[in-house]
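Taking it in order: structure first as structure tokens, then the write-up.
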Amino acid sequence: MTLADFVNLLINGTVEGLLMALPALALTLVMAIARFPNAATGDYMTVSAYAAVGVQWLIPGSLLLAAVGAIAAGVAVSLLFYLWVFRALRGRPLVASLVASIGVAFFARSILTFSVGQDQLALQVPMMRAWNFSGIRVLPLDLVVAAVSIVAMALLFTLLRLTPVGRQMRAVADNPDLARASGIRANRVLLVLWAVVGALCALGGFLFGAKSVVSPELGWEQLIPAFAAMILGGIGSPAGAVAGAVLLGIAQELSVPLVGPSYKIAVAFAVLLLVLLVRPRGLFGVAIAAR
Amino acid sequence: MRDTPTRRDFLAAGAGVAALAAAPRFAFGQAATTFRVGSLCPISGGGSSYGSGMQKAIEIALAEVNGDGGAGGRKLELFSEDSQTKPEAAVLAAKKLIEVNKVQAILGTWSSGVTLAVMPLTDAANIIEMNTSGAPAISTLDTKDLVWRFQATNDQIGAAFGAAAEKRGFKRAATMAFNNASGIGNTEGFKKVWEKAHGKVVASVVYEPNRPSYRTELQQILGAKPDVVVTGSYLPDSTILLREWYQTGQDVKWIMPGWAANADLVKALGNEVVEGVIAVDAISNEGAASYKRLDAEYQKAMGKSISTNVYAAMTYDMVISLALAMEAAGPGATVAQVNGKIRDVSNPPGTKVFSFAEGKKLLAQKQKVNYEGASSRLDFDKYGDVTPDFGMYVIEKGQIVRKDVITL
């Protein structure tokens, strides 16, 4: 393997990781603030990707409009299921919301397949040749994927760190009772949370669809990798989710010359196991026992 | 809650019982003069674009047989279920067909997963199973010789890939396989043929489903500088593979199965990307009279040519070969006796016949017949597998153009 090959693998892994970071962030935010693993995360991605295809069908050509459509759909579907299902389950045990979210996932997917069928669709993405720097190939589309992910994450961290509602979200994540006692209205915080989650899933679904194909199982299949990234990074830590996703992505691709593509996913999970053995709370996780 | 039944309850219950008694499918005293056939086509799910046509072709064949007075003194009676292209759903449906309808043959299972799931049931019930699936394991698991495959095996498809690569004069082949029995079966079949003439393939990769990208896998393959990449792939992964390959700008040709390199692939990627992709798929027995007659009937029923659905030609042949076997086995034959005659009436030697009526006439004169199907010559080997012909297509300006017919 030459250096160029190695760098190519590194690039592939980073891009896949940055892509996976979006649903991982959505998962970890819900985990931190609404306090349950949201199994419908993947299907929010799927619905958004279909919305993007729908927008392109109505207005051919524009990728930007398709992205806007995807975000609108993602936010709408996320808020809908919050108001309809998850709000009623607040304060119940985690299992209630978890099971409900699995139901939401199946429900959303069934509605989707019932109305648009099982066949694959594709986003119309302009085909561009890769830039070739003496063997190191960079796909323009991959740069877009990476840039969009990074910008989305920057916006999220700005929201969490620098705005009042972000501070309130972190306060609720840190200690819901204390937050309530200090007059933070949980309802508003949760609405913002679910809107953000919807937007993150939408971007993930849109970029995933642009890179691959849009099919009913698009998001559901990414749920386990996103979970793994969240756990690796430390449950509830946004920075951890990103780091976890990128680390898993890189580990996965770099292992290919050693174990072949069939086992690269297993290697990613072996890395997860190793990290958790040494550091059970994950990379950026807070030790829960201290609370 | 009320605990005394009202008049309305009685009415409802009465109607239910009446409906039950009236339902023809629930006939208790089934006449011994019929041979009961179950169809289990993929009406919904992944195979849904083929399923309805497959079932229609069974009905067309059934009408042909029954219209000619039945086979071996018996009419065929059809019970239809939907496999949903899912092994779990197919198992439930097969159980119902076997236990409730007491069918003596199940016809038309489509994907290998479905066929492999249904086979243990038909085997246990000692009834005939006829499928259109490719997995090589179906041949070896069929220990009672009750399973008949009307589609090419993945091995044969791989051999057809080899023939296509040979015709095009490629020198350095690489393979990429989707990680399942069918995907790997196709590329292994190719390697068997290829390595005899050219030595090892220059690179081969087995990849996982549902990945957002196959760049790393492509890098492994393209790094070996092949002039052709042969895939055992499906539509979604082929779409991603070709898009990413095109963007790398490296010059290489592709040979793909016809169910992956189809009109949907062109639609997803645009004409420029797929230009020159070679597709290989089984084709029907297009020169045969049986094919032409079925085509006319199918056109009438479905409004489309039978060439749009190779599997429908296969299910049609299932009924005809089964009926000819019943005719040859004579009145009152058991399932095993009928099963034992399937090769006799389909394989050479014998007078070639192209319809049930022709065959029935000759069988009555105690002649040996060789049914030439609409789907293939329909000559079963010792595993109960046929060897259809293959078409080699090239995608040109978005059109999938047939260039050659490959006979293995």
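The values are calculated or read from the model by the stated rules, or taken from the named source; none is laboratory data. Everything numeric here is computed off the predicted structure, so don't read it as measured data. As a convention, Cβ positions derive from the backbone with ideal geometry for all residues, glycine included, and neighbour counts pool all protein chains shown. Heads up: the accessible areas ignore ligands, DNA and RNA and are worked out on the full protein's heavy atoms, side chains in. Shrake-Rupley method; radii C 1.70, N 1.55, O 1.52, S 1.80 Å.
Worth a mention:
- Residues of segment B:253-290 that are assigned to a helix (DSSP H, G or I), within 14 Å of chain A (Cβ to nearest Cβ), open to solvent by 10 Å² or more (accessible area, probe 1.4 Å) and touching a residue at least 40 places away in the same chain (Cβ under 8 Å): B:Ala263, B:Val266, B:Asn271.
- For segment B:70-83, taking the residues that are open to solvent by 20 Å² or more (accessible area, probe 1.4 Å) and within 15 Å of B:Ile106 (Cα to Cα), the one that is modelled with the lowest pLDDT is identified as B:Asp82.
- Evaluation of B:Gly398 against (1) open to solvent by less than 30 Å² (accessible area, probe 1.4 Å); (2) closer than 23 Å to B:Glu129 by Cα (one fails), failing number: (2)
- One residue alone among A:Val267, A:Val275 is among the β-branched types (Val, Ile, Thr), farther than 24 Å from A:Phe157 by Cα, away from every other protein chain (no Cβ under 14 Å) and surrounded by fewer than 23 Cβ atoms within 10 Å (Cβ to Cβ), and that residue is A:Val275.
- Residue in segment B:184-195 that is part of a helix (DSSP H, G or I), more than 11 Å from every other protein chain (Cβ to nearest Cβ) and small (Gly, Ala, Ser) present: yes
- Residue satisfying condition, being among the acidic types (Asp, Glu) and in contact with a strand residue (DSSP E or B) (Cβ under 7 Å, 6 or more places away or on another chain), within set B:Asp344, B:Asp404, B:Asp379: B:Asp404
- All positions within segment B:312-362 that are closer than 26 Å to B:Glu297 by Cβ, open to solvent by 50 Å² or more (accessible area, probe 1.4 Å), part of a helix (DSSP H, G or I) and of a type in the set (Lys, Arg): B:Lys341, B:Lys361
- Some residue of segment A:68-79 being crowded, with 23+ Cβ neighbours inside 10 Å and in contact with a Lys or Arg (Cβ under 6 Å, 6 or more places away or on another chain): no
- Residue in segment A:209-222 that is surrounded by 20 or more Cβ atoms within 10 Å (Cβ to Cβ) and aromatic (Phe, Trp, Tyr) present: yes
Condition check ((1) outside any helix (DSSP H, G or I); (2) at pLDDT below 95; (3) more than 14 Å from chain B (Cβ to nearest Cβ)) across all residues:
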{"residue": "A:Val104", "(1), (2), (3)": "no, no, yes"}
{"residue": "A:Asp119", "(1), (2), (3)": "yes, yes, no"}
{"residue": "A:Asp142", "(1), (2), (3)": "no, yes, no"}
{"residue": "A:Val151", "(1), (2), (3)": "no, no, yes"}
{"residue": "A:Val172", "(1), (2), (3)": "no, yes, yes"}
{"residue": "A:Arg180", "(1), (2), (3)": "no, yes, yes"}
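- Residues of segment A:1-57 satisfying the condition of being open to solvent by 10 Å² or more (accessible area, probe 1.4 Å) and not in a helix (DSSP H, G or I): A:Met1, A:Thr2, A:Ala34, A:Arg35, A:Pro37
- In segment A:207-243, the residues that are away from chain B (no Cβ under 12 Å) and of a type in the set (Phe, Trp, Tyr): A:Phe227
- Selected residue [within 15 Å of A:Ile33 (Cα to Cα) and in contact (Cβ under 8 Å) with a residue 24 or more places away in the chain] from A:Met169, A:Met153: A:Met169
- Which listed residue is within 30 Å of B:Gly223 (Cα to Cα) and either loosely packed, with under 12 Cβ neighbours inside 10 Å or among the aromatic types (Phe, Trp, Tyr) (or both), from A:Pro126, A:Pro140, A:Pro164: A:Pro126
- In segment B:237-252, of all residues being more than 8 Å from every other protein chain (Cβ to nearest Cβ) and under 24 Å from B:Gly169 (Cβ atoms), the one that is most open to solvent (accessible area, probe 1.4 Å) corresponds to B:Asp251.
- Per-region count, segment B:208-236, residues more than 24 Å from A:Ala4 (Cβ to Cβ), more than 7 Å from chain A (Cβ to nearest Cβ) and assigned to a loop (DSSP other than H, G, I, E, B): 3
- Look at segment A:4-17: where a residue is under 12 Å from A:Leu139 (Cβ atoms) and at the interface with chain B (Cβ under 7 Å from one of its Cβ atoms) and a partner is among the basic types (Lys, Arg) and open to solvent by 10 Å² or more (accessible area, probe 1.4 Å), sitting 6+ places away or on another chain with Cβ atoms under 8 Å, you get A:Asn8/A:Arg137; A:Asn8/B:Arg215; A:Asn12/B:Arg215.
- The set of residues in segment B:178-232 being closer than 20 Å to B:Ser112 by Cα and β-branched (Val, Ile, Thr) consists of B:Ile184, B:Thr187, B:Val206, B:Thr231.
- B:Ser48 vs. criteria in a helix (DSSP H, G or I) and not acidic (Asp, Glu): yes
- Residues in segment B:383-399 that are part of a loop (DSSP other than H, G, I, E, B) and small (Gly, Ala, Ser) were compared, and the one that is nearest to the chain's Cα centre (by Cα) is B:Gly384.
- Residues that are open to solvent by less than 80 Å² (accessible area, probe 1.4 Å) and either assigned to a helix (DSSP H, G or I) or not β-branched (Val, Ile, Thr) (or both), drawn from segment A:183-193: A:Gly183, A:Ala186, A:Asn187, A:Val189, A:Leu190, A:Leu191, A:Val192, A:Leu193
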